[in-house]
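First comes the structure, then the notes that go with it.
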Amino acid sequence: MEIGEARLSLLAQSRRTQRLFNIVMGCIAGISLLVGGIGIMNIMLATVLERTREIGIRRAIGATRLMSPPTTCLSPIGDELMRRGLVSFLSVIESEGEVGDENAQLDLDSASMKPTRKARKAKGGAEPASEPAPAEVPAQEGVEKIKGHDYFIATVTRSPKVYRGNPFQVEVGLAWGGDQSADELASLFRFANRVPLQYQQGACAVTKSVLQTNWRSYGLQQSRGALPTGPLTLLVHIASVWVPFTSESKEAVAGYDEIIKELKLALQDAGRQLGRYIRRGQREMDAARKRAYIEKYIPHIGIALQEILGLTEREEKKIVDTLTGTLERSRKM
């Protein structure tokens, strides 16, 4: 009995010691957390107090609308001159065939020397009467007829933007269709402050923006990492007081985020215009094909009904007219 009581007393004493040890360790841990929290709060408070001026300046700048640099110093090509340059270039292609030199460029200077029809009328000059205007169906908006071929021409001029305090402006022009090869890559012409960039095309931000644009959504074929395939000519111009070239040779534009963003937006805007034109042409082709089917098969149906039902020619003609009208209305719906 005495041995059992001794063991119970030792067990109880051990439990009291363990409980006391746990309490002491808990107090130490709590004090450590409190002291650490106070220290961290003091450090944070000191940091905030020291950076009060900086934080105030940052918030003030974020709440202030700063005036953009002036854009009157920019010299864009303009929609009219881009269109005339593309027409002049395509006229040369139509006259001389495909351009074999990969460095061939659009001649904007010669295009600017040619007065427009509006300018000739404003000067009082009469139109040459040697070629009377034939009675044709009015052309679609944006379509130019060159040497008997229809070219769709679209131009986009973005509003001026700023990169690193320097104003710049992006312009894009494209020409689709005509006598251009449909199985080759698109032709890309790059300009910076109206000066053609003929070399280092792969290192230029203009080329990168064209490659990153999803031309398939506009009805064109495009392989990954390549220019779109089709009868397409692209003109891209960037005007700035300080064009960021990649080197002193001034052959490629550097890829700043602001510039690439504007280039892609301008290309997408021109692509949407081209996509609408391509889809409209496809709808017109589908409508013409369906109409051809109607004109081809409806008379045979009328003849078959006449033979089966013994109809007169007048009744057969009436049935053909009724069927044609019904199919035309269902086709247009």
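The values are calculated or read from the model by the stated rules, or taken from the named source; none is laboratory data. Small disclaimer: the values here were computed from a predicted structure and weren't measured. Cβ coordinates were reconstructed from backbone atoms using ideal geometry, including for glycine residues, and neighbour counts include every protein chain displayed. Only protein heavy atoms, including side chains, enter the accessible area calculation; ligands, DNA and RNA are left aside. Shrake-Rupley method; radii C 1.70, N 1.55, O 1.52, S 1.80 Å.
If R0 is 51 Å, what FRET efficiency do you get for Thr52 and Met25 from their C-beta distance, rounded to 0.05? Spell out each step's value before the answer.
Working: r = 41 Å, r/R0 = 0.80.
Approximately 0.80, to the nearest 0.05.
Between Glu184 and Ile303, what is the FRET efficiency for a Förster distance of 45 Å, r being their Cβ-Cβ separation, to the nearest 0.05? Working shown, then result.
Numbers: r = 48 Å, r/R0 = 1.07.
It comes to 0.40.
Structure shown: which of Lys147/Lys264; Lys264/Lys290; Lys296/Lys318; Lys208/Lys250; Lys147/Lys261; Lys161/Lys208 lie over 28 Å apart, alpha-carbon to alpha-carbon?
Working: Lys147/Lys264 32 Å; Lys264/Lys290 38 Å; Lys296/Lys318 17 Å; Lys208/Lys250 17 Å; Lys147/Lys261 37 Å; Lys161/Lys208 19 Å.
Where the Cα-Cα span goes over 28 Å, the pairs concerned are Lys147/Lys264; Lys264/Lys290; Lys147/Lys261.
Of Trp215, Trp242, which has the most accessible area and how do the rest follow, probe 1.4 Å? Show your work: numbers first, answer last.
Working: Trp215 0, Trp242 170 Å².
Correct descending sequence by accessible area is Trp242, Trp215.
Multiply the residue separation of Val35 and Thr322 by 0.36 nm, subtract the distance between their alpha-carbon atoms, and state the gained length in nm to one decimal.
Working: separation 287, 0.36 × 287 = 103.32 nm, distance 9.63 nm.
Taking Val35 through Thr322 to full extension adds about 93.7 nm, to one decimal.
May I ask for the net charge around Met285, where only other residues with Cβ less than 13 Å from the Cβ of Met285 are counted and Lys, Arg are +1 while Asp, Glu are -1? Don't skip to the end; give the middle numbers.
Details: positive: Arg279, Arg280, Arg283, Arg289, Lys290, Arg291; negative: Glu284, Asp286.
Once positives and negatives cancel, what remains is +4.
Could you work out what % of the accessible surface of region 16-64 is carbon and sulfur, using a 1.4 angstrom probe and leaving DNA, RNA and ligands out of the count? Show your work: numbers first, answer last.
Working: 3230 of 4470 Å².
Here carbon and sulfur together make up 72 percent of the probe-accessible area.
May I ask for the net charge around Val172, where only other residues with Cβ less than 13 Å from the Cβ of Val172 are counted and Lys, Arg are +1 while Asp, Glu are -1? Numbers along the way, then the final one.
On the way: positive: Arg83, Arg158, Arg190, Lys264, Arg272; negative: Asp79, Glu171, Glu262, Asp269.
Overall, the nearby charge balance is +1.
Which stretch or stretches of region 164-205 have amide N atoms under 14 Å from the point lying 7 Å from Arg224's Cα along the Cα→Cβ direction?
It comes to no residues whatsoever.
Mind checking the per residue accessible area of region 234-299 for me, 1.4 Å probe, whole number of Å²?
Numbers: 3690 Å² over 66 residues.
Computed with neighbouring chains in place, this is 56 Å² per residue.
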